[in-house]
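The values are calculated or read from the model by the stated rules, or taken from the named source; none is laboratory data. These numbers were taken from a predicted model, which means no experiment stands behind them. Here the Cβ is made from the backbone with ideal geometry for all residues, glycine too, and neighbour counts use every protein chain on show.
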Amino acid sequence: MEYKETTFYQSHLLGVDEYVDGKHKVRDVTIRDLLNEMGLIDQIDLDKYAQLFNVVWYYDGGNGGDIYIDHIYDQDTGIVYWSDKDEYTDQDEDLINALLMYGNLQETIGMNYV
């Protein structure tokens, strides 16, 4: 399996699917704010680091197969904020879906900014 990496700046926008009053909407949120909302970045990292995020991912079954995310880490410190696990929580699903649907992982550097 060949791992690939996409770098996101702290201001990179993702979309998060939400339902408000039974209606679907997509909320724009930066990758930094999303990780913070999910409690994956502590306040010290948020204040001192958390500028560049690398998402490590791979294709299952070669190019064109399904994309799986292996882990997300801080490019400057190497701190891993999220890593793949056997069972996902709803929070894990939200993060993975935001990256797969709105993250343009095939780009070397994420392209959508605030």
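Would you confirm whether or not the stretch 18-26 contains a residue that is under 16 Å from the mean Cα position of the chain (by Cα), buried (at least 16 other Cβ atoms within 10 Å of the Cβ) and β-branched (V, I, T)? Checking the stretch 18-26: not a single residue is under 16 Å from the mean Cα position of the chain (by Cα), buried (at least 16 other Cβ atoms within 10 Å of the Cβ) and β-branched (V, I, T). If you filter the stretch 77-93 down to residues that are at pLDDT 90 or above and acidic (D, E), you find that the one that is nearest to G39 (Cα to Cα) is D92. Selection of the stretch 34-75 for residues being within 17 Å of S11 (Cα to Cα), surrounded by 12 or more Cβ atoms within 10 Å (Cβ to Cβ) and at pLDDT below 90 yields I41, D45, L46, Y49, A50, Q51.
Within the stretch 43-99, the set of residues being aliphatic (A, V, I, L, M), under 18 Å from V16 (Cβ atoms) and either in contact (Cβ under 8 Å) with a residue 60 or more places away in the chain or assigned to a helix (DSSP H, G or I) (or both) comprises L95, I96, A98, L99.
If you go through the stretch 8-64 and keep only what is farther than 19 Å from D94 by Cα and in contact with a Ser or Thr (Cβ under 7 Å, 6 or more places away or on another chain), you end up with Y49, L52. Looking across the stretch 1-25, the residues that are assigned to a strand (DSSP E or B), over 24 Å from G65 (Cβ atoms) and in contact (Cβ under 8 Å) with a residue 12 or more places away in the chain come down to Y9, H12, L13, V16.
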